[in-house]
Amino acid sequence: MRFIYFFLLLTINGWANPVQFSASLLAHPEKKPTELEKKFTTKEITRYLPDTTWQTVVLENGYAKSKIVNAQDWIGSEGICVREVRLIYTKYPADQSFWLTDYHRLLADRLIELFRLDSTLNSADIKWIIVLQTDCKTAREAQKRFHGIEICYEECNAPTSLHPNDSLALKENKKMDSLRYVRSTKKVERYIAKSGGMGDSTVWKVLKRHPEWKNALVVMDFTGSMYPYAGQVLLWHTKNLGKSGLEYCVFFNDGDQKRNSKKIPGETGGIYFSTAKNIDAVIRLMQKVQSKGNGGDCQENDIEAILAGIDHYSGFDHVILIADNNACMRDTAFMNKIHVPVHVILCGTFSGINPQYVELAKRTGGSLHTIEADLQGNSAFDKNTDLENEMARFRKTHHGNHLGILHISGKHDPCGRIPKSHKPKKKPLKKRIKSFLKRIF
């Protein structure tokens, strides 16, 4: 009885469009397992990563489970054309005859849950693929892998009219624009939620205070704790389409998981580019950058990314840097190569202001922005007691830790180095032995 309503939906949908999976096949997959398998193309991969070549929605089932955990993430099929649906499993054990789970029943149950969510997905016009992850040697490893459904789609063109005054076509175009807006906004909001939430709203508030930043190139630190801030940039852009002023995006992750010892200032890499026109494309790029690396050490390649963005794009009027206040720049020696003003938005200023970013804003003739304050022009930086106190507080807070003592001068930048006087001193050998014996006895 529990399948009656679902199968009724399949039947109604089948009258309008050819379905890929019949109700009887899904109800009793054990009777025709070969027929079920023939509905799919099968491919093996090492480990699943979201596809960046399509616009996608990823729905999670969990290991050996069929219920969709995040059904609310499905955007609906109106206005889009689904091209591929991929069901992701792990191939463990490698010999399918040793699988404990009833594979065909699980496959059918996952399809039933998917079609309950949207019956129009049961279409013979969609390419169906089973993806098997092979990078797992134990049951524990298999359980930790992603198991679910990836839906790959593209936007369908809205109907257009040869006659500009055709009110029906104009109404349909506005409807499609509204759908794209709602869909893009939901995607960005989900991304922020999955990245740890909005956190403090520094980026949002600064962009709101500066609507004059038009035709802007935005350079974003995309490492670790900075993911939500990049999400704020995209959310601002999505909610202010046509007037946000953001045109170009540069993301940097400090070297694509490169070993710290291999990170050469000015040549670290891990820099990616995108225009801001297509929100879905930007989200896909963010996912790609995130999968490539999350920084590693405490220093970042901000200057290298700014210079790369300036070289990659032309015609912009403003350069905005979304910076991690608590991370140092390893490439400050190249600061003098920047010949345009940089608006620095500092995130995470709870322990003072990093003097490096103050210097960047001053040297380029740009500006410095926190969640509450805007500093622009030489007069704002010179003899600013509040700013000096904030920089002093930052130095004091980070005194002797992995950031070292921060100083800016034209000759050197000891950021990331701990002066000898601040390295912990070892106790004399006799005292260490005595301390060790006390702990034992």
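Brief remarks on what is shown
- Count of region 307-337 residues which are outside any strand (DSSP E or B) and either among the aliphatic types (A, V, I, L, M) or not assigned by TED's automatic domain parsing to the domain that holds PHE273 (or both): 6
- For region 85-138, the set of residues classified as part of a loop (DSSP other than H, G, I, E, B) and either of a type in the set (Phe, Trp, Tyr) or outside the structural domain of GLU35 (by TED's automatic domain parsing) (or both) consists of TYR92, TRP99, listed by residue number.
- Total residues in region 219-248 satisfying the condition of being basic (Lys, Arg) and either surrounded by 24 or more Cβ atoms within 10 Å (Cβ to Cβ) or part of a helix (DSSP H, G or I) (or both): the figure is 1.
- The listed residues are ASN294, ASN253, and the only one of them that is crowded, with 19+ Cβ neighbours inside 10 Å and under 20 Å from GLY196 (Cα atoms) turns out to be ASN253.
- The set of residues in region 269-306 being of a type in the set (D, E, K, R) and part of a helix (DSSP H, G or I) consists of ASP280, ARG284, LYS288, LYS292, ASP302, GLU304.
- Residue check, VAL282 more than 25 Å from ALA333 (Cα to Cα) and in contact with a strand residue (DSSP E or B) (Cβ under 7 Å, 6 or more places away or on another chain): yes
- Complete set of residues in region 50-95 that are of a type in the set (A, V, I, L, M) and surrounded by 14 or more Cβ atoms within 10 Å (Cβ to Cβ): VAL57, VAL58, LEU59, ALA64, ILE68, ALA71, ILE75, ILE80, VAL82, VAL85, LEU87, ILE88
The values are calculated or read from the model by the stated rules, or taken from the named source; none is laboratory data. Please read all numbers here as calculations on a predicted model, not as lab measurements. Positions of Cβ are generated from backbone atoms using ideal geometry, with glycine treated the same way; all protein chains shown enter the neighbour counts.
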